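Working notes for the structure below.
The values are calculated or read from the model by the stated rules, or taken from the named source; none is laboratory data. Just so you know, these numbers come straight off a predicted model, no measurement behind them. Don't worry about glycine lacking a Cβ; one is built from the backbone with ideal geometry, like all the others, and counts go over all protein chains shown.
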Amino acid sequence: MKSFLPFKSYREWSIKPKLITITSLLLLGSVFFESYLSYIQYTRDFHEQSSNKVQQIIEQVSLNIDTYLDDLYRLTLFPYRNGSFMQSLEEPTDHTELAQLEKRRRIETFLDEMMIFPREDILRVSIVTDDIYSSARLPTKLIPDERMEDYDWYRQALASQQYVVVPASKNEFNPSGNVQLFSVVKQLRSITNTQKILGIIKADANYKGIIDIVERAKMGQNGGLFILDAQNDFIYASNDAFKDTVLATVQMEGNMKGGYLLNTTVIPKMNWQIIAINSVNEMNSEAIHTRNRTLFLSIASALLAILVLIVFIRHFLKPLLAIVKLMKDVEMGRLDVSFLSNRRDEIGYLGAAFNRLVGRINEMLRENTVLVKEVYESKLLQQEAQINALFSQIRPHFIFNTLNLISLSMQSGKQERAVDHINALSSLLRAMSQWDKEMPLQKEIELLHAYLGIQSSRFEGRLDYSITIHPELYSLPIPALLLQPIVENAVLHGCERKKGKTTIVVTSYKLTDSLLIEVKDDGSGMDADTLSSLQQKVDGFYDTESPGSNHTGIGLINVNKRIKVKYGIEYGLRIASLPQAGTTVTLSIPYLQMVKEANDV
């Protein structure tokens, strides 16, 4: 189908546009591919380095918060440094109002001294024994008659010597206003009897100290740093725009998508989670700028290389295209052309080879004029030799003996038998006129019956034969007179040279892709040397017509050559024989090919 496009298909292009196009595509493709791979690798490495750097930052933030909490923990140990204070806690309280007021004054005075500690984030310090003592920077709702046993943190502190952290959501003693605070609670024990629990000390602080630590970490304009407590409530958020996204990510326990990197770490003492979000585009802004600049420079360099390549290819291909033009002239019949150049490179060698080729063609044309006649005459002689070989298969003495048999049959009054022999001989002679054609296998079998019928009458009971060919093979086409020479060879060497009775059996075997036809006689057979010599003659290892060679097996040689020429060297004749045990000749031809030929017909 002819293309209606205004440009030619790639196969019709000349070598120059092909080279330019392919080289240009390779250059540009390699530039884009290399730039893309470099950008991907750089981005991946940058992401990994950035993620590691951010992870280190938030882990340092976590460490600083841990250090900050340690300071709060150490604050709860401050009472142990004052022996008189601990003695005031341990001594029993008189039930008089004056004694109770005096004890409260001593304890809260000590707590006031603790509050002088120059950290504004610590809002209150409380000690809970049988009574509640407190010192605070802000008003408190804590009242002495509250039931402390109702608070989980109080029960936990009494049950464990570890620190108990009370988050803002569970801290009941919030000061007035919107200031959220968390608490660190520690069990107080007697310094004289460590098994005795005096009460607990509770330090309340707001999140200012933690926020000061977090704000030192910068996540960029399109990112943020967030701290969530165990209930996923925000303790700190540097960018409110990402709050919903952070909550959704934490609840799904997944990584953020849409061009953002997410790093997380935990603060084990508080069971808090620190989340850092960074914009990939913001992180890669410099990388994208570098990529675009590199890509632009690479494309410019590639275009310059393509321009230089075009000039070089035009100069390089000019003599080659000249040779192509001369070859087209030779194709049109002009043999008086030559390539004129003094180049010493490969193109110069190609031009010299072209001149030698044209000269050789002129010489071959002159020789061809002489050889055509010789080849034609040789083919005629070869065809005549094949005809003579085929005709020699029906030996003259066989025809003479057959005619003599017909004459004797008529003289003895056996006219019907004589007529049968005449018809059989007529069929054989008629088949010889079609030696270069094909015939159905059934017709070939009929010729074998005719030939063997004549020979059986001639030998008067010394020759029996049977032909067993499956009827489904009858329609297969085979070259004419393919089996007759094999059967004739069996009669000649099996029956004529044997005094007793001889039986010839013709059978067929169908393999997967081959058809085997076997001609077997129970004649005198031959020894191993004779068999090897005959097989070599049939296979054509030496000339059977050379001086000193006999004419044994000429019919088999001709059949073998005809099979190999038509069907291929893997098919042909194989001979097996043993002395006094007879000879078997197996003919192999391609079954599937014959079936296809029969179907085509």
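Here are some notes:
- Look at the range 361-372: where a residue is under 18 Å from Asp336 (Cβ atoms) and a partner is assigned to a helix (DSSP H, G or I), sitting 6+ places away or on another chain with Cβ atoms under 8 Å, you get Ile361/Val330.
- When the test is whether a residue is under 30 Å from His47 (Cβ atoms) and not acidic (Asp, Glu), Leu320 does not pass it.
- Restricting Asp529, Asp543 to those that are modelled with pLDDT of 90 or more, outside any strand (DSSP E or B) and over 55 Å from the mean Cα position of the chain (by Cα) reduces the list to Asp529.
- The range 33-83, residues that are within 30 Å of Ala302 (Cα to Cα) and among the small types (Gly, Ala, Ser): Ser35, Ser38
- Every pair of residues 6+ apart whose Cβ atoms lie under 9 Å, when the first sits in the range 327-348 and is touching a residue at least 24 places away in the same chain (Cβ under 8 Å) and more than 17 Å from Arg360 (Cα to Cα) while the second is of a type in the set (Val, Ile, Thr) and part of a helix (DSSP H, G or I): Ile347/Ile323
- Within the range 578-599, considering residues that are in contact (Cβ under 8 Å) with a residue 40 or more places away in the chain and in a helix (DSSP H, G or I), the one farthest from the chain's Cα centre (by Cα): Ala598
- Among the criteria (1) farther than 30 Å from Thr249 by Cα; (2) in contact (Cβ under 8 Å) with a residue 24 or more places away in the chain, the one Met270 does not fulfil is (1).
- Filter pass, Ser88 being surrounded by 13 or more Cβ atoms within 10 Å (Cβ to Cβ) and either of a type in the set (Ser, Thr, Tyr) or on the phi > 0 side of the Ramachandran plot (or both): yes
- Only one entry in Val54, Val31 is under 28 Å from the mean Cα position of the chain (by Cα) and over 30 Å from Val185 (Cβ atoms), namely Val31.
- Hits in the range 230-246 - residues which are within 21 Å of Ile65 (Cβ to Cβ) and surrounded by 11 or more Cβ atoms within 10 Å (Cβ to Cβ): Ala230, Asn232, Asp233, Phe234, Ile235, Tyr236, Ala237, Ser238, Asn239, Phe242, Lys243, Val246
- Condition met for Val337 (surrounded by 12 or more Cβ atoms within 10 Å (Cβ to Cβ) and not in a helix (DSSP H, G or I)): yes
- Subset tally (residues that are without any contact (Cβ under 8 Å) to a residue 40 or more places away in the chain and outside any helix (DSSP H, G or I)) for the range 233-253: 6
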